[in-house]
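The values are calculated or read from the model by the stated rules, or taken from the named source; none is laboratory data. Small disclaimer: the values here were computed from a predicted structure and weren't measured. Cβ coordinates were reconstructed from backbone atoms using ideal geometry, including for glycine residues, and neighbour counts include every protein chain displayed. Ligands, DNA and RNA are stripped out before the accessible areas are found, and what is left, the full protein with its side chains, is counted by its heavy atoms. Shrake-Rupley method; radii C 1.70, N 1.55, O 1.52, S 1.80 Å.
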Amino acid sequence: MTRFRQASDRLVDADTAVRRAEADRLAAVAAMIDAYPAPTPIVDSPAAERVVSAGAEGAGAVGEFVALEVGALLGLSEPAAWSLVHDVANLLARHPHLWSAVAELRVEAWQARKVALAAQELSAEAARWVDAELAELWGVVAWPRIRRRLAGLIVRADADLARRKAEIARRDRFVSIRHLGDSTSVLTARMDTAAALTLEASLDMIVDQMILEGAQDRLPVLRARALEMLATPPLPDAAAPNPSPGLPLADVVVHIAAESLETGTGVARVTARGGDVGPVLLDQLAHLLGHHRIRVLPVTDLAGDPRVDSYEIPDRLRRQLVIREDSSVFPFSTSRSRTADLDHTIPYRRSTPGSPAPPGQTRISNLGPLSRREHRAKTAGIWTLSQPEPGVYEWTNRAGRRWTVTRGRTTEFRDRSDERIDLVYTSCVALG
């Protein structure tokens, strides 16, 4: 029984430590927001940092590049860092009871962030009312019950908002396809219910036929197969009197290692118009691409360093860089390079009277994809960048911290002086 009590105590202590660490993390983000330098306007530069809302109504304002700082320090993408900044700002200003409950370890940080996110479209007054209504529940009521109570309180706090959101939900239809990288993909959709019922009936008709023919798979699997049949009809017969419409054109980039071509086996990486399909076995390519017309582009030597003298970046250079760097080269960024700006690492110097522009400034070894905000932060000088060798991007923020990004991998650079400072700090803490 003693061992069980010890194990129980250890579990409680571990949970308390996790809650305290997560609460400290939120408090540290709040300190970052409070200490972040106020942007100094640069009237003649579109790269100048702007002041933006830190969160929802009543949450204050902050410089727009703060998320780049938080993201680099925590290893988060910019959207994830902004989500954290918004949640913390909202908790501080709009949910004071909940913020205190987090600090007192009566509620987990992730639960508090869920509440802040759910209430972000409410006015500041309505959010504080919801916060007050939930104040006595933290630590004594299970989270699923609080979550259900929260949904009802948000509707009561602003019935008109709830009604508008329901109308928007009915109006905003979408289809999203996410490739998992294992030769399967996940399809998510919001559609008109009448059309969904029709689609459901069509799938069930195909499933019924499969069952009559002896199919033994589970119903969800049969439905997936039925949807695949609707998405991939039989290939058109050119000799038929009324041939089917032509196959869709696919812009596909297939990355195949030289050794795979030599052996006829191995893995290719496929990038299509909808995004990165992921790794595919060579013998699966025919199945994957069989229902598309393929446009073949010239082979690109990723090790080459082609260059031009103009500021504009030709398609062949853009294509080579996007293939080499599939995401932004900012620390921990997840922005895809296909839609990013291509930044000159060493800024392009134009010709002036008596001083012609240096040749070859636009070259692969002086380019890197960046999202628009990352690009502006670099142009404004808030972040500095060098590229000591092609594909190696070294970043420094305004506090002097440094990161290296190479082929999508981010590592923080720590010199010996940093280690000595940490050692002294640790010793001081140990000595009390």
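Numbers below:
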read-out	value
Probe 1.4 Å, all protein chains present, accessible-area order of TYR36, TYR393, TYR311, largest first	TYR311, TYR36, TYR393
Under Karplus coefficients 6.51, -1.76 and 1.60, residue-wise ³J(HN,Hα) of the range 217-227 in Hz, glycine/proline x	5, 5, 4, x, 5, 5, 5, 4, 5, 5, 5
Whole-Hz ³J(HN,Hα) from phi, Karplus 6.51 cos²θ - 1.76 cosθ + 1.60, for the range 182-189, glycine and proline x	10, 6, 10, 9, 10, 10, 10, 8
Computed accessible area, LEU92, all protein chains, 1.4 angstrom probe, square angstrom	80
In Å², nearest 10: area of MET229 left accessible to a 1.4 Å probe	100
Convex hull of the range 20-67 built on C-alpha atoms - directionally averaged projected area, nm²	4.0
For ASP343, residues with placed amide H under 5 Å, excluding near neighbours	GLY368, LEU370
Sites matching GluC sites (Glu not before Pro) across the range 297-402 that sit in DSSP coil, with at most 10 neighbouring C-beta atoms within 10 Å	GLU312
GLU69 accessible area, assembled protein chains, probe 1.4 Å, Å²	10
Built amide H within the under 5 Å cut-off of TRP138, gap 5+	none
By accessible area with a 1.4 Å probe, ligands and nucleic acids excluded, highest first: order of ASP9, ASP341, ASP309	ASP309, ASP9, ASP341
Exposure rank, largest accessible area first [ASP343, ASP34, ASP158, ASP192; 1.4 Å]	ASP34, ASP192, ASP158, ASP343
Hydrodynamic radius of the range 1-151 per Kirkwood, over alpha carbon pairs, in Å	16.9
